[in-house]
1. In segment 73-114, which residues are part of a loop (DSSP other than H, G, I, E, B), open to solvent by 50 Å² or more (accessible area, probe 1.4 Å) and more than 24 Å from Asp28 (Cβ to Cβ)?
2. Among the residues of segment 144-159, count how many are open to solvent by 10 Å² or more (accessible area, probe 1.4 Å) and either in contact with a His (Cβ under 9 Å, 6 or more places away or on another chain) or more than 24 Å from Glu48 (Cα to Cα) (or both).
3. Does Gln47 qualify as being crowded, with 20+ Cβ neighbours inside 10 Å and either outside any loop (DSSP other than H, G, I, E, B) or out of contact with any Asp or Glu (no Cβ under 9 Å at 6 or more places or on another chain) (or both)?
4. Could you tell me which numbered condition Ala50 fails, if it satisfies all but one of (1) in contact (Cβ under 8 Å) with a residue 40 or more places away in the chain; (2) within 24 Å of Gly123 (Cα to Cα)?
5. If you go through segment 157-188, how many residues are charged (D, E, K, R) and closer than 19 Å to His141 by Cα?
6. Failed condition for Gly119, given (1) surrounded by 21 or more Cβ atoms within 10 Å (Cβ to Cβ); (2) more than 17 Å from Ala54 (Cβ to Cβ), with all others met?
7. For segment 1-27, give me each residue that is open to solvent by 30 Å² or more (accessible area, probe 1.4 Å) and either charged (D, E, K, R) or assigned to a loop (DSSP other than H, G, I, E, B) (or both).
Amino acid sequence: MSTRILLIRHGATVLSAEDRFAGSTDVDLSDEGRRQARCLGERLADQELAAVYASPLRRAYETATLVATACRREPIADSGLREIDHGRWEGLTRAEVEARFPEEYGAWEEDPYTFAPEGGEPGLAVMARALPVIRRIVLQHAGQTVAIVSHKATIRLVLSSLLGIDARGYRDRLDQAPACLNILEFKDVVRARLMLYNDVSHYAAQPARPGAKLSKWWDSSQE
């Protein structure tokens with residue numbers, strides 16, 4: 001019997017709409033983000049969830065609360081699921097970061113997996129704390145269905161590891177819309193199959209097309 005993990009990104013925030021770095025910054029959901037989370041809760045209301053886990057950051061925990069309430073559960077916070085910390089870039093727009101810290105930004109663009117801005121985390125560190133949480137949840141809830149609410153970079157890094165994707169390109173090769181649903185089936189703690197990816201059909205006809213929020217590699221490939 002497989003274990004099913006519903007891997008969810010939190011709903012929209014004001015800072016995400018402004019394209020600001022807000023990994024460790026503890027911001028609330030916007031009104032639109034709450035609507036997205038409620039729609040997802042309605043979609044999952046008939047699911048027999050054994051538990052709902054969440055990052056302790058407010059935008060993720062509130063999303064988890066809205067989903068968990070619809071499923072008659074209480075969210076469980078786990079700090080290993082929090083978002084990547086961008087250090088001294090936190091709260092700045094990408095244009096501001098590129099202007100103030102051009103060398104750092106260039107190194108991060110080239111390899112966000114092993115490089116981090118001053119005071120921040122590389123993707124490798126995020127994976128090192130998040131994957132053990134996923135492993136523990138899969139072991140603890142063998143044969144059950146569990147929801148996990150986390151963040152854009154954290155989810156993409158976890159998926160890169162589980163699916164064997166080069167994590168250095170996680171920003172360009174994987175996207176996560178606000179309040180999207182991903183479904184993973186685990187036969188054991190290391191063998192996972194992706195059953196659903198970046199699905200937002202509970203509140204939108206289709207995910208938004210990628211734009212300028214991705215790296216220069218993506219922008220140049222579209223020319």
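The values are calculated or read from the model by the stated rules, or taken from the named source; none is laboratory data. The model shown is predicted, which means the values in this text are computed figures rather than measured ones. All Cβ positions, glycine included, derive from the backbone under ideal geometry; neighbour counts span all protein chains shown. Ligands, DNA and RNA are stripped out before the accessible areas are found, and what is left, the full protein with its side chains, is counted by its heavy atoms. Shrake-Rupley method; radii C 1.70, N 1.55, O 1.52, S 1.80 Å.
1. Correct list: Thr114 only.
2. So the count comes out to 2.
3. For Gln47, the condition - crowded, with 20+ Cβ neighbours inside 10 Å and either outside any loop (DSSP other than H, G, I, E, B) or out of contact with any Asp or Glu (no Cβ under 9 Å at 6 or more places or on another chain) (or both) - is not met.
4. Unmet condition: (2).
5. Total meeting the criteria: 3.
6. (1)
7. Residues satisfying the conditions are Met1, Ser2, Arg4, Glu18, Asp19, Arg20, Ser24, Thr25, Asp26.
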